[in-house]
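For reference, the structure discussed in these notes is given below.
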Amino acid sequence: MRSNVEALEKQVTSNKGALLERPTELRGRKALVAVEVRQLWIMGQQCGLLMEVKDVKLQDAAQECPL
């Protein structure tokens, strides 16, 4: 899971297509995730979904009020 998050962080780009700096902290952020369901698999009494994350939009880090 950690390697997947790191791979996504490396691909973050701005609206102009330029790479943005890697976020220092992801905890506590909200994310809007676009997921594509690729397959439904069934093996005996087990089943599951194969899903692919197509896009992730992270909420900006909350800035603390200095007062």
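The values are calculated or read from the model by the stated rules, or taken from the named source; none is laboratory data. Remember, predicted model here, so these are calculated numbers, not experimental data. Every residue, glycine as well, gets a Cβ built from its backbone with ideal geometry; the counts of neighbours run over all protein chains shown.
For the reader, a short list of remarks on this structure follows.
- Among the candidates 50, 19, residue that is surrounded by 10 or more Cβ atoms within 10 Å (Cβ to Cβ) and at pLDDT 90 or above: 50
- Residues in the stretch 22-46 that are part of a loop (DSSP other than H, G, I, E, B) and within 13 Å of residue 57 (Cα to Cα) were compared, and the one that is modelled with the highest pLDDT is 30.
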